Amino acid sequence: MTKKLSDKDKKDWQNFLESPEKLDNKDKDKETLEHQNRSGEKVIDLHGFTLEEANQKVSEFIQDCYDQNVIKINIITGKGLRSKNLDDPYQSKDLSILKHSVPNYIKDNPHLMSKIIKIDQQAIDSPSKGSFEIYLKKKL
């Protein structure tokens, strides 16, 4: 079953190839990190922690992983579906749930962000995921 490309498809493809805008190489960060002789991945599970406890644990965990030259951190927050905060009309539905508040805490902390290459925002935004990944810089 061979389909012939239309002239429009050929023209669109040629325009794409000649365009200065290129797609990001999704494997670039991974390749760079793998060649730095660093340890792999560590995981922290924040189920059952209060917001304050979770932020403190994450801060310590990121620092420890950075000191150990860990490449990637997987932070399990849960989806927030069983959060009792959803019943309180005076609390934010997003920022009272660890899934949203922990990444915001990290992003608002310049000390932590100085150690981070990338935070997986797509996982944070996804309603079907209860975790996200952080890629750390190499310790100098």
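Taking 0.36 nm per residue of separation and subtracting the current Cα-Cα distance, fully stretching the chain between residue 114 and residue 67 would add 15.6 nm. The stretch between residue 11 and residue 60, if pulled fully straight at 0.36 nm per residue, gains 12.3 nm over its current Cα-Cα span. Measuring against 22 Å, Cα to Cα, the residue pairs 57/139; 42/79; 79/137; 99/138; 99/139 contain 79/137; 99/138; 99/139 as the ones spanning a longer distance.
Suppose R0 equals 35 Å. What FRET efficiency, 1/(1 + (r/R0)^6) with r the Cβ-Cβ distance, do residue 19 and residue 104 give to the nearest 0.05? Efficiency at R0 = 35 Å is approximately 0.50.
Bear in mind that the values in this text are calculations on the coordinates, not laboratory data. Keep in mind the model is a prediction, meaning the values are calculated, not measured. With ideal geometry, Cβ positions are generated from the backbone for all residues, glycine too; neighbour counts draw on all protein chains shown.
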